[in-house]
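Written below as structure tokens is the structure these notes are about.
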Amino acid sequence: MKPNRILKLVAGLVLLGLALTLAVAIHLYSFPQVEAYFAEPADRQIQKDEFGQWQYVRHLYTEMEATGEQFKGWDESQQDMWKYAIAFLAYGMPSLAMIKPDEAPMASYYLSVMIHKMKAKKVWDDWQRYGFGDDPICKDNIMYKGHLNLMYGLYQLMTGSDRYAKEFTWLTQKIVEEVEQSKGGKFRGVVCEPDRYFVQCNAIGLLSLEIYDRLYGTPYAKYYGEEVMKFVKERLIDPETGLYREAYHPSHDIAIPYLSGYTNAWTMVMLRPFDREYQSKIYPTWKKIFVREYGPFAMVRESRYGGPSRIATLFGMLAAKEFGDQELFGKLRNTVDLGGLLHKDTERGYLSYAAADNTLMNGMVLSFKLHVGWQKILDHNWPRPESTPMVPEISAIQSFDLLNTQTL
């Protein structure tokens, strides 16, 4: 190749690189200022990306509400993840109601739709498909019933309505009974799959107990939270980093020593109302081990020895939001929204990602952007009855009264 042709090729590549850099810079400039996501709820405005993604969620769940047990357009290869996509979207509804009070009735309505879809057989039948048993909520499976219970609790907390009070009380009692029964064994809490105990899933169950206590004046979260946290700190804390180990197996009384980027992010966020000082202490360690920054972008690794992970990056957004880390949140937002090609639908005007799993991803990202912090959610002045409500009568309720059992 002649020298002048090489120079032209190099010049062309340089110009292409500059054009791409300029395009990225212009796109990032169009994003909302990071500080806007962190304003106090009373002063906060819904940002244009949040508004567009909320439009998408409303469209999706309006369609889902009108189609019974169907999940039109959902990736069935990811079916075991549907419960997490629904639940973590649901956890954003209180923040939406706090930021935009005139949207609170709408947020409550869609939270109810999410509860209905969470109860669909396609969401919980992995328990049956994998041969763990017929009943997915009477024993074990805190990875499902903890989320369902927290969704019940958030609905009652937000609205003051007893629409799900019986289900919330029944499932709370089941979780409390299992934690109490675990005191006769080697661990404290509830397993997910048989012989697999995860801190992050038990954190969800504890948060549901905290809400129940605030509504009914019970002491469950304080008493059982102390039991669970004592076990976790004795057996599931990595001595080098202070982070949470991957899992515990009661059959062999062994804690798996590996560390997960995404489950540590999840755990720190959900346990912060119970031990604010400790979670704040280990957050910088998590960040140092798992986060990698690249100029205006950042990604989170799932393994301390591996490369970037999409799910870890998503949960990193939630952790950065909970801990008030504006710089990291902004960089992760840039990665997720630019890398996921967040764009406006030309027909409906909502914002969606070009990724194949947009249906799962979009709502979770919206929720993490909206998140105002669990303590603020718990302490907010929600509608309350004048006196502590009576605990509902639940003696006639059976497990499958809570669930939809038809598959379409």
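The values are calculated or read from the model by the stated rules, or taken from the named source; none is laboratory data. Predicted, not measured: the structure shown is a model, and the values here were computed from it. Backbone-built Cβ (ideal geometry, glycine too); neighbour counts: all protein chains shown. Heads up: the accessible areas ignore ligands, DNA and RNA and are worked out on the full protein's heavy atoms, side chains in. Shrake-Rupley method; radii C 1.70, N 1.55, O 1.52, S 1.80 Å.
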Between the range 158-221 and the range 222-257, the alpha-carbon center distance in angstrom | 18 Å
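So what's the back-of-envelope 222 nm ellipticity for the chain, counting only DSSP H runs of four-plus at -39500 (n - 2.57) apiece and dividing by all residues, rounded to 500? Let's see the in-between values first.
Numbers: 17 runs with 226 residues, N = 408.
About -17500 deg cm²/dmol.
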Could you give the nm distance between label points at Arg276 and Ala356, where each point is 7 Å from its Cα heading toward the beta carbon?
-> 4.4 nm
Please give, to one decimal in nm, the separation of the simple spin-label points placed at Asp401 and Ala36, each 7 Å out from Cα toward the Cβ.
-> 4.8 nm
Carbon/sulfur fraction of accessible area - the chain, other protein chains in place, 1.4 Å, % = 54 percent
Report, to the nearest 10°, how far helix 3-29 tilts away from the longest principal axis of the Cα atoms in the chain, using its own Cα long axis and a range of 0 to 90°.
-> 40 degrees
Nonlocal amide H pairs with Ala298, under 5 Å, H built at 1.01 Å = Leu332, Thr335
Highest-fluctuation residue, Lys376, Lys122, Lys183 considered, GNM on the chain with Cα pairs under 10 Å = Lys183
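Highest mean first, what order results for 340-352, 262-274 on Cβ atoms within 10 Å? Numbers along the way, then the final one.
Values: 340-352: 14.5, 262-274: 24.5.
My ranking of the peptides, most packed first, is 262-274, 340-352.
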Please give the helix 142-159 orientation as an angle from the longest Cα principal axis of the chain, in degrees from 0 to 90, rounded to the nearest 10.
-> 90 degrees
Matching label, Rg and Dmax of the Cα atoms in Å computed from the structure shown, candidates [x] 21.8, 66; [y] 22.3, 88; [z] 25.5, 85 = [y]
Mind pulling the angle between the C-alpha long axis of helix 326-339 and the longest principal axis of the chain? Nearest 10 degrees, somewhere in 0 to 90.
-> 70 degrees
Compute the accessible area per residue over the chain, keeping the other protein chains in place, probe 1.4 Å, unit Å².
-> 45 Å²
Within a Gaussian network of the chain (alpha carbon springs, distance under 10 Å), most fluctuating of Phe315, Phe132, Phe368 = Phe132
Length gained if Glu393 through Lys222 is fully extended, taking 0.36 nm per residue and subtracting the Cα-Cα distance, is 59.2 nm
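Going from the alpha-carbon gyration tensor of the range 252-296, what semi-axes, largest first and in whole Å, does one get by taking the root of 5 times each eigenvalue?
Working: eigenvalues 91, 56, 15 Å².
So the equivalent ellipsoid measures 21, 17, 9 Å along its semi-axes.
Using 24 Å as the Cα-Cα cut-off, could you pick out the over-long pairs in Lys174/Lys281; Lys186/Lys233; Lys83/Lys174; Lys100/Lys122? Before the final figure, lay out each step's value.
Values: Lys174/Lys281 33 Å; Lys186/Lys233 14 Å; Lys83/Lys174 20 Å; Lys100/Lys122 33 Å.
Over 24 Å Cα-Cα: Lys174/Lys281; Lys100/Lys122.
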Taking alpha-carbon centroids only, the range 345-359 lies from the range 307-330 a number of Å equal to 22 Å
Give the calculated FRET efficiency between Lys72 and Leu378 to the nearest 0.05, with a Förster radius of 35 Å applied to their Cβ-Cβ distance.
-> 0.50
